[in-house]
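A short worksheet on the structure shown next.
FYI, it's all coordinate maths here, none of it is from the lab. Remember, it's a predicted structure, so these values are computed and weren't measured experimentally. A quick note on method: Cβ atoms are made from the backbone with ideal geometry, for glycine too, and the neighbour counts reach across all protein chains shown.
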């Protein structure tokens, strides 16, 4: 019987030790949940990080779109320049019209004086 009693005592001590470890872990978890300031700070840090990532993605998208639009604008300008070199008549007509308007305005202004 002596041997059996000693084994029960050791098993009981081991169970008490495990229970204390589990209880300590549970208390740490509860303390972490109860620390509202730390939780809010962590939540704010996470939100800040998400915003930085989203801002970085938005900047990358905008740069890509700007590069694309710049390329399109350059292609369009070169195409228009090429059309003007091929057929300058419409541009000459526009320039002549603008000169005629300027002359008419100068004549009207001269008559008013």
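When the chain is treated as a Gaussian network with alpha carbon springs shorter than 10 Å, the biggest mean-square fluctuation among 44, 102, 55 belongs to 102. Seen against the Cα atoms of the chain and their longest principal axis, helix 2-34 is set at about 30 degrees. Entry note, the chain: the mean residue ellipticity at 222 nm calculated from DSSP H runs of n ≥ 4, each adding -39500 (n - 2.57), is -35000 deg cm²/dmol after division by the residues and rounding to the nearest 500. Label separation (residue 64 vs residue 23): 5.8 nm, computed from points 7 Å beyond Cα along the C-beta direction. Measure nothing but the geometry: give the 0 to 90° angle between the long axis through the Cα atoms of 89-112 and the longest principal axis through the Cα atoms of the chain, rounded to 10°. Here the helix axis deviates by roughly 70 degrees.
A convex hull fitted to the Cα coordinates of the chain yields 176 cubic angstrom per residue.
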